[in-house]
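Each remark here refers to the structure printed beneath this line.
The values are calculated or read from the model by the stated rules, or taken from the named source; none is laboratory data. Note that the structure is predicted; figures quoted are calculated from it, not measured. No Cβ is skipped: glycine too gets one built from the backbone with ideal geometry, and neighbour counts run over all protein chains shown.
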Amino acid sequence: MLISNTQLPISPIIRQSSNTATETSEAAGFEAQLSSALAESLQKLGVGAGEVNITIRNPTATTRQIMVTYSVDGSDAPVPAEAQPATTLEPAPANAGLSNPFSGYIRHIEPVAATPTPSATPWSMYTGPKDTRDQIAEGGGKTTGSGAPLIVNNEKVTENQYGYTGPATLNPYFTTPSNPLRDGYVEGFRNWFADAMILGGLTGPIPANKMQYSTEEGAQEALRIVQQFAPEATVVQSVWQSGPFAVDKPVFEIELSGGRRLNAGGVLCGYYTQGYGVTVSSDETIRRSIQLA
(Lines give C-alpha, C1' and ligand atoms only; values in the text may rest on other atoms or scores of the structure.)
Protein backbone atom coordinates (compact mmCIF):
# COMPACT_ATOMS: atom_id res chain seq x y z
CA MET A 1 0.00 0.00 0.00
CA LEU A 2 1.27 3.52 -0.75
CA ILE A 3 2.48 6.03 1.84
CA SER A 4 1.46 9.59 1.09
CA ASN A 5 2.90 12.89 2.31
CA THR A 6 -0.45 14.07 3.67
CA GLN A 7 0.01 12.82 7.28
CA LEU A 8 -2.31 9.86 6.62
CA PRO A 9 -1.86 6.74 8.75
CA ILE A 10 0.21 3.99 7.14
CA SER A 11 -1.16 0.55 6.33
CA PRO A 12 1.82 -1.64 5.67
CA ILE A 13 1.88 -5.02 4.00
CA ILE A 14 2.61 -7.49 6.82
CA ARG A 15 4.05 -10.94 6.29
CA GLN A 16 3.95 -13.34 9.25
CA SER A 17 6.13 -16.41 9.30
CA SER A 18 4.07 -17.89 12.17
CA ASN A 19 0.69 -19.48 11.53
CA THR A 20 -0.80 -19.24 15.03
CA ALA A 21 -3.73 -16.90 15.70
CA THR A 22 -2.30 -15.84 19.08
CA GLU A 23 1.01 -14.68 17.60
CA THR A 24 -0.81 -12.81 14.83
CA SER A 25 -3.03 -11.00 17.34
CA GLU A 26 -0.08 -10.01 19.55
CA ALA A 27 1.81 -8.67 16.55
CA ALA A 28 -1.06 -6.51 15.31
CA GLY A 29 -0.81 -3.84 18.01
CA PHE A 30 2.99 -3.71 17.83
CA GLU A 31 2.90 -3.51 14.02
CA ALA A 32 0.44 -0.61 14.16
CA GLN A 33 2.72 1.34 16.48
CA LEU A 34 5.75 0.56 14.30
CA SER A 35 3.88 1.59 11.17
CA SER A 36 2.81 4.88 12.73
CA ALA A 37 6.35 5.71 13.89
CA LEU A 38 7.81 4.78 10.52
CA ALA A 39 5.27 6.86 8.62
CA GLU A 40 5.92 9.89 10.83
CA SER A 41 9.69 9.59 10.35
CA LEU A 42 9.44 9.28 6.59
CA GLN A 43 7.05 12.25 6.36
CA LYS A 44 9.45 14.46 8.36
CA LEU A 45 12.22 13.54 5.95
CA GLY A 46 10.10 14.55 2.99
CA VAL A 47 10.12 11.08 1.44
CA GLY A 48 7.59 10.51 -1.31
CA ALA A 49 5.02 7.78 -1.63
CA GLY A 50 6.04 4.13 -1.62
CA GLU A 51 5.26 0.66 -0.40
CA VAL A 52 6.34 -0.60 3.03
CA ASN A 53 6.65 -4.29 3.83
CA ILE A 54 6.96 -5.50 7.43
CA THR A 55 7.95 -9.12 7.93
CA ILE A 56 7.87 -10.63 11.43
CA ARG A 57 9.55 -13.92 12.29
CA ASN A 58 9.54 -15.78 15.58
CA PRO A 59 12.53 -18.14 15.39
CA THR A 60 12.16 -19.09 19.07
CA ALA A 61 9.69 -18.49 21.87
CA THR A 62 11.74 -15.56 23.17
CA THR A 63 13.08 -14.12 19.93
CA ARG A 64 11.30 -11.88 17.44
CA GLN A 65 12.85 -10.70 14.16
CA ILE A 66 11.31 -7.75 12.34
CA MET A 67 12.38 -6.79 8.81
CA VAL A 68 11.13 -3.57 7.21
CA THR A 69 11.58 -2.97 3.49
CA TYR A 70 10.15 -0.22 1.35
CA SER A 71 10.35 1.37 -2.07
CA VAL A 72 10.04 5.11 -2.69
CA ASP A 73 8.24 6.84 -5.51
CA GLY A 74 9.15 10.53 -5.31
CA SER A 75 6.62 11.62 -7.95
CA ASP A 76 4.25 13.21 -5.41
CA ALA A 77 6.88 14.59 -3.07
CA PRO A 78 7.05 18.41 -3.12
CA VAL A 79 10.41 19.86 -4.13
CA PRO A 80 11.75 22.26 -1.48
CA ALA A 81 12.65 25.73 -2.76
CA GLU A 82 16.27 25.35 -1.77
CA ALA A 83 16.49 22.14 -3.80
CA GLN A 84 15.49 23.80 -7.07
CA PRO A 85 18.06 23.23 -9.86
CA ALA A 86 20.87 25.80 -9.88
CA THR A 87 22.46 27.28 -12.96
CA THR A 88 25.46 24.96 -12.57
CA LEU A 89 24.88 21.49 -11.19
CA GLU A 90 27.56 19.60 -9.27
CA PRO A 91 28.26 16.01 -10.34
CA ALA A 92 26.08 13.57 -8.42
CA PRO A 93 27.81 11.46 -5.77
CA ALA A 94 28.56 7.84 -6.56
CA ASN A 95 25.48 6.58 -4.67
CA ALA A 96 23.06 9.28 -5.80
CA GLY A 97 20.65 6.56 -6.97
CA LEU A 98 20.20 5.31 -3.41
CA SER A 99 17.20 6.87 -1.68
CA ASN A 100 17.56 5.48 1.84
CA PRO A 101 16.53 8.42 4.09
CA PHE A 102 18.28 6.79 7.06
CA SER A 103 21.65 6.64 5.32
CA GLY A 104 24.47 8.55 7.01
CA TYR A 105 26.18 9.16 3.67
CA ILE A 106 28.06 12.46 3.40
CA ARG A 107 29.23 13.38 -0.08
CA HIS A 108 33.02 13.27 -0.35
CA ILE A 109 34.65 16.48 -1.60
CA GLU A 110 38.12 16.05 -3.02
CA PRO A 111 40.55 18.31 -1.10
CA VAL A 112 42.16 21.11 -3.03
CA ALA A 113 45.78 20.24 -3.74
CA ALA A 114 48.24 22.53 -2.00
CA THR A 115 50.24 24.76 -4.30
CA PRO A 116 53.94 23.79 -4.05
CA THR A 117 56.04 26.51 -2.46
CA PRO A 118 59.33 27.18 -4.28
CA SER A 119 62.33 26.26 -2.15
CA ALA A 120 64.36 29.17 -0.78
CA THR A 121 67.49 27.01 -1.00
CA PRO A 122 67.62 25.78 -4.62
CA TRP A 123 71.30 24.78 -4.35
CA SER A 124 70.40 22.35 -1.54
CA MET A 125 66.71 21.47 -1.56
CA TYR A 126 64.68 20.57 1.52
CA THR A 127 61.01 19.61 1.31
CA GLY A 128 60.40 18.29 4.82
CA PRO A 129 58.09 19.63 7.55
CA LYS A 130 58.31 23.27 8.55
CA ASP A 131 57.52 25.26 11.68
CA THR A 132 55.90 28.67 11.22
CA ARG A 133 58.29 30.14 13.79
CA ASP A 134 61.33 29.32 11.63
CA GLN A 135 62.54 31.53 8.80
CA ILE A 136 64.98 30.69 6.01
CA ALA A 137 68.21 32.68 6.12
CA GLU A 138 68.80 34.84 3.04
CA GLY A 139 71.97 35.16 0.97
CA GLY A 140 73.02 31.51 0.76
CA GLY A 141 74.18 29.67 -2.35
CA LYS A 142 76.65 32.36 -3.48
CA THR A 143 80.35 31.77 -4.10
CA THR A 144 83.49 33.80 -4.78
CA GLY A 145 85.74 33.49 -7.83
CA SER A 146 87.55 30.54 -6.19
CA GLY A 147 84.29 28.67 -5.66
CA ALA A 148 84.44 29.19 -1.88
CA PRO A 149 81.35 30.42 0.00
CA LEU A 150 80.61 34.13 -0.21
CA ILE A 151 79.64 35.16 3.30
CA VAL A 152 77.86 38.46 3.86
CA ASN A 153 75.92 38.71 7.10
CA ASN A 154 72.24 39.58 6.83
CA GLU A 155 70.97 42.82 8.35
CA LYS A 156 68.22 41.08 10.30
CA VAL A 157 68.36 37.93 12.38
CA THR A 158 66.71 34.80 11.05
CA GLU A 159 63.78 34.14 13.36
CA ASN A 160 63.66 30.68 14.87
CA GLN A 161 61.59 28.62 17.30
CA TYR A 162 64.28 28.95 19.99
CA GLY A 163 64.09 32.73 20.05
CA TYR A 164 67.88 32.89 19.60
CA THR A 165 69.31 36.17 18.27
CA GLY A 166 73.11 35.64 18.47
CA PRO A 167 75.59 36.32 15.61
CA ALA A 168 74.88 32.92 14.02
CA THR A 169 71.35 34.05 13.11
CA LEU A 170 72.81 36.68 10.77
CA ASN A 171 74.81 34.12 8.80
CA PRO A 172 73.36 33.21 5.35
CA TYR A 173 73.75 29.52 6.24
CA PHE A 174 71.96 29.64 9.58
CA THR A 175 69.74 26.55 9.95
CA THR A 176 66.64 25.62 11.96
CA PRO A 177 64.59 22.41 12.33
CA SER A 178 62.55 23.71 9.36
CA ASN A 179 65.74 24.12 7.30
CA PRO A 180 67.96 21.48 8.90
CA LEU A 181 71.66 20.64 8.66
CA ARG A 182 72.43 18.64 5.52
CA ASP A 183 75.39 17.68 3.40
CA GLY A 184 76.23 20.29 0.78
CA TYR A 185 74.18 23.07 2.32
CA VAL A 186 77.16 25.44 2.67
CA GLU A 187 77.84 25.95 -1.02
CA GLY A 188 81.56 25.59 -1.88
CA PHE A 189 82.60 24.74 1.70
CA ARG A 190 85.51 22.48 0.69
CA ASN A 191 87.05 25.25 -1.40
CA TRP A 192 88.05 26.93 1.86
CA PHE A 193 90.65 24.17 2.30
CA ALA A 194 93.92 23.28 0.57
CA ASP A 195 95.19 19.86 -0.52
CA ALA A 196 98.30 19.79 1.67
CA MET A 197 100.92 17.06 1.28
CA ILE A 198 103.41 15.75 3.84
CA LEU A 199 106.84 15.45 2.24
CA GLY A 200 109.80 13.25 3.23
CA GLY A 201 108.12 9.87 3.42
CA LEU A 202 109.88 6.76 2.12
CA THR A 203 107.05 6.09 -0.33
CA GLY A 204 106.59 9.68 -1.43
CA PRO A 205 104.20 12.54 -0.44
CA ILE A 206 101.34 11.65 1.87
CA PRO A 207 98.08 13.66 2.01
CA ALA A 208 97.66 15.69 5.18
CA ASN A 209 94.31 16.26 6.91
CA LYS A 210 92.73 18.76 4.53
CA MET A 211 90.37 20.13 7.17
CA GLN A 212 93.36 21.46 9.14
CA TYR A 213 94.80 23.40 6.19
CA SER A 214 92.55 26.28 5.22
CA THR A 215 93.37 28.53 2.32
CA GLU A 216 94.12 32.18 2.99
CA GLU A 217 90.55 32.97 1.94
CA GLY A 218 89.24 30.43 4.42
CA ALA A 219 91.48 31.89 7.13
CA GLN A 220 89.91 35.31 6.59
CA GLU A 221 86.45 33.84 7.16
CA ALA A 222 87.70 32.08 10.29
CA LEU A 223 89.09 35.43 11.51
CA ARG A 224 85.73 37.14 10.88
CA ILE A 225 83.98 34.47 12.95
CA VAL A 226 86.40 34.69 15.89
CA GLN A 227 86.42 38.49 15.93
CA GLN A 228 82.69 38.44 16.73
CA PHE A 229 83.79 37.20 20.19
CA ALA A 230 87.42 38.30 20.36
CA PRO A 231 87.88 41.54 18.36
CA GLU A 232 91.67 41.57 18.95
CA ALA A 233 92.21 38.31 17.03
CA THR A 234 94.54 38.23 14.00
CA VAL A 235 95.63 35.76 11.30
CA VAL A 236 99.07 34.19 11.41
CA GLN A 237 100.67 31.40 9.44
CA SER A 238 103.48 28.95 9.82
CA VAL A 239 104.98 25.99 7.95
CA TRP A 240 105.19 22.75 9.84
CA GLN A 241 108.48 20.82 9.69
CA SER A 242 109.94 18.06 11.84
CA GLY A 243 113.17 16.31 10.91
CA PRO A 244 112.93 15.07 7.31
CA PHE A 245 109.18 15.76 7.21
CA ALA A 246 107.51 18.97 6.12
CA VAL A 247 104.16 20.12 4.74
CA ASP A 248 104.04 21.88 1.39
CA LYS A 249 101.27 24.30 2.49
CA PRO A 250 101.29 26.85 5.32
CA VAL A 251 99.08 26.38 8.36
CA PHE A 252 96.79 29.38 8.93
CA GLU A 253 95.87 30.08 12.53
CA ILE A 254 93.86 32.66 14.44
CA GLU A 255 95.97 34.24 17.14
CA LEU A 256 94.27 35.42 20.33
CA SER A 257 95.54 37.57 23.18
CA GLY A 258 98.47 36.08 25.05
CA GLY A 259 99.71 34.21 21.99
CA ARG A 260 96.96 31.54 22.11
CA ARG A 261 96.02 30.13 18.72
CA LEU A 262 93.16 28.37 16.98
CA ASN A 263 93.56 26.41 13.78
CA ALA A 264 91.64 28.35 11.08
CA GLY A 265 90.42 25.15 9.44
CA GLY A 266 89.16 23.89 12.78
CA VAL A 267 87.23 27.15 13.31
CA LEU A 268 85.52 26.76 9.92
CA CYS A 269 84.62 23.11 10.52
CA GLY A 270 83.28 23.80 14.00
CA TYR A 271 81.25 26.87 13.09
CA TYR A 272 79.82 25.52 9.83
CA THR A 273 79.35 21.95 11.14
CA GLN A 274 81.64 20.39 8.50
CA GLY A 275 79.76 22.27 5.78
CA TYR A 276 76.27 21.21 6.90
CA GLY A 277 75.28 24.69 8.10
CA VAL A 278 75.37 27.08 11.06
CA THR A 279 73.28 26.33 14.16
CA VAL A 280 72.29 28.08 17.39
CA SER A 281 75.18 26.20 19.05
CA SER A 282 77.81 27.44 16.57
CA ASP A 283 78.41 30.64 18.54
CA GLU A 284 78.91 28.71 21.77
CA THR A 285 81.34 26.35 20.01
CA ILE A 286 83.63 29.28 19.17
CA ARG A 287 83.27 30.87 22.60
CA ARG A 288 84.33 27.63 24.25
CA SER A 289 87.21 27.18 21.83
CA ILE A 290 88.51 30.65 22.70
CA GLN A 291 88.26 29.88 26.43
CA LEU A 292 90.10 26.58 26.10
CA ALA A 293 92.81 27.72 23.66
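Being touching a strand residue (DSSP E or B) at 6+ places or on another chain (Cβ under 8 Å) and crowded, with 17+ Cβ neighbours inside 10 Å is a property that residue 262 has. The set of residues in segment 150-180 being in contact with a Pro (Cβ under 8 Å, 6 or more places away or on another chain), farther than 20 Å from residue 130 by Cβ and surrounded by 18 or more Cβ atoms within 10 Å (Cβ to Cβ) consists of 151 alone. Consider segment 181-202 and keep the residues that are among the aromatic types (Phe, Trp, Tyr) and in a helix (DSSP H, G or I). The one that is farthest from residue 133 (Cα to Cα) is 192.
Here is a yes/no grid of residues against (1) of a type in the set (Asp, Glu); (2) surrounded by fewer than 16 Cβ atoms within 10 Å (Cβ to Cβ); (3) within 23 Å of residue 282 (Cβ to Cβ):
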site	(1), (2), (3)
209	no, yes, yes
213	no, no, yes
216	yes, yes, yes
219	no, no, yes
222	no, no, yes
227	no, yes, yes
238	no, yes, no
246	no, yes, no
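Those residues that are modelled with pLDDT under 70 and either buried (at least 16 other Cβ atoms within 10 Å of the Cβ) or not assigned by TED's automatic domain parsing to the domain that holds residue 68 (or both), I need them from segment 27-50; list them, please. Residues satisfying the conditions are 27, 31, 47, 48, 49, 50.
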